[in-house]
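Here's the structure we're looking at; comments come further down.
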Amino acid sequence: MENKLYYDNPYIKSFQTKVIQQTIDPSGKPYVVLEKTAFYPTGGGQPHDTGTIHDVKVVNVEETDGEIRHYLEKDVKLPDEIIGEVDWNRRFDHMQQHAGQHILSAAFENLFGYKTVSFHLGTESLTIDLDIEQLTEHDALAAEKLANTIILENRPIETKWVTNEELSQYTLRKELSVTDDIRLVIIPDFDYNGCGGTHPKETGQVRAIKILDWERQKKKTRVQFICGNRVIEQFHQKQQILLELTRLLNAPEKEMGSAVQRLIESGKEQSKTIEMLKDSLLQYEADQLINEFLQRGEMVIGKLYQNRTIQELQKLARLIAAANNTITFICVAENENRIQIVGAKGSQSLCNMQQLISGILPLINGKGGGNESFAQGGGERLLPGKDVLKQLMEQTGNVV
């Protein structure tokens, strides 16, 4: 472990070392192996460090076959001696989040016996999966309160390498998956856990823990939370959003819920009104079409539309068929690269809508369905809409 500087001192930001190997992996990505490194590789739920090696960006760090590979942004020949610079903001954020996870997991287990079975550290938040099917708000708040108390007490966070035989001296929070190179992370009188991640020296450096949400995942409960500087950053973001909402809604923060509820109800009422107006317009359109064609003595109405939804045309067709039992209505709509067809007839009309429309669908690679009184279909715009309508009208004995 002597070549893993992040274990000796997770606060190392810069280091000097020798290049052991520089090559390209089978996928074509350049990487370098160093004599020693402060770059933490992905593992144990904690993401890898980033930074630079001799001013070349390190984009990934992985431990493969016992060697730590530093993947570089570009393939550049490095000198034998290099200086590595760790992205400290990213590293310290991971230290805060990982230590915070230990504290919160221990709080759930110490208070209620809820065991953590998995952990994920993301770029915005982190999660733990608790081995329970349901989490109450009371238990979540109690665990959060205890976790923040441990942070406020600024307890030491100790790391210790032990042998498999020495483990009996400690009450571990979870079973270990290794038997060699065992590293314990210890918060005295609170949490004892095997871990290979990086952590701050004291709990106070975690700053704070805030649970954001939780949900059931299969038979487990996934808890989403943030720690450290992320708490301040997210508070700032949410405060900015809240201030903007108070301005837009003209309501104080405490009344924001009621103001949003009123807005939602108002939106629902407006949607209902709009639908009623649309229906009225369709009824007016139907009446106008019927009058126009009846005045000319025509019993088959044929219309070509541009960019009309199939739902509108269906409603229009039903309104016309219901208003006059002797009329047949056929409409074709050109919608971008599609052709839509709707047909409806009154009860005394002799046309068969299903047969009529299904007969033309092969010409547009279309599909459709319906019955004798009402049918619809659609397909590719292989023919102009006017030609499709003309053929349909010709089959009814009418010409447009």
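All of the numbers you see were taken from the coordinates with simple rules; none came from a lab. On a predicted model such as this, the values are computed, not experimentally measured, just so you know. Quick reminder, even Gly has a Cβ in these numbers, built from the backbone with ideal geometry, and neighbours come from all protein chains shown.
See the values below:
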read-out: Karplus 3J(HN,Hα) series, Hz, for the range 48-62 with 6.51 cos²θ - 1.76 cosθ + 1.60 (x for Gly, Pro); value: 6, 7, 10, x, 9, 10, 6, 6, 9, 5, 9, 9, 7, 9, 9
read-out: Given 15 as the ceiling on other Cβ atoms within 10 Å, longest exposed-site-free region of the chain for chymotrypsin sites (Phe, Trp or Tyr not before Pro) in DSSP loops; value: 171-400
read-out: Among the listed pairs K115/K201; K278/K345; K18/K74; K115/K210; K315/K367, those beyond 30 Å (Cα-Cα); value: none
read-out: Calculated FRET efficiency for the pair L242/W161, C-beta based, R₀ 60 Å, to 0.05; value: 0.80
read-out: Residue order, fewest to most surrounding Cβ atoms within 10 angstrom, among V162, V86; value: V162, V86
read-out: Net charge dipole size for the range 218-324 [Lys, Arg +1 and Asp, Glu -1 on Cβ; Debye, nearest 20]; value: 900
read-out: Rg/Rg_globular for the range 29-137, with Rg_globular taken as 2.2 N^0.38 Å and Rg from C-alpha atoms; value: 1.35
read-out: Hull volume in cubic angstrom per residue (convex hull over the Cα atoms of the range 289-395); value: 86
read-out: Sparse-neighbour loop sites [trypsin sites (Lys or Arg not before Pro); the range 245-308; at most 10 other C-beta within 10 Å; DSSP]; value: R296
read-out: Karplus-derived HN-Hα couplings along the range 224-238 (A = 6.51, B = -1.76, C = 1.60, θ = phi - 60°), whole Hz, x at Gly and Pro; value: 9, 8, 9, 9, x, 4, 5, 5, 5, 4, 5, 4, 4, 4, 5
read-out: Rh (Kirkwood; distinct C-alpha pairs) - the chain, Å; value: 27.7
read-out: Per-residue HN-Hα couplings for the range 282-296 [Karplus 6.51, -1.76, 1.60; θ = phi - 60°; Hz; x = Gly/Pro]; value: 5, 5, 5, 4, 4, 4, 4, 5, 4, 4, 4, 6, 5, 4, 8
read-out: Estimated FRET transfer efficiency when R0 is 35 angstrom, pair M276-T136 (beta carbons, to 0.05); value: 0.20
read-out: All-pairs alpha carbon distance profile, the range 92-236, 5 Å steps from 0, percent; value: 2, 10, 21, 23, 21, 14, 7, 2, 0, 0
read-out: Nearest 10 degrees, 0 to 90: helix 310-323 Cα axis against the chain principal axis; value: 30
read-out: Using alpha carbons only: equivalent-ellipsoid semi-axes of the range 5-86, gyration tensor based, whole Å; value: 18, 15, 11
read-out: For the chain: relative contact order, % (alpha-carbon pairs under 8 angstrom, 6 or more apart); value: 9
read-out: Additional length obtainable on full extension of the chain from Q355 to R381, 0.36 nm per residue less Cα span; value: 7.3 nm
read-out: Exposed-site-free run, longest, the chain (rule: GluC sites (Glu not before Pro); DSSP loop; at most 10 other C-beta within 10 Å); value: 176-335
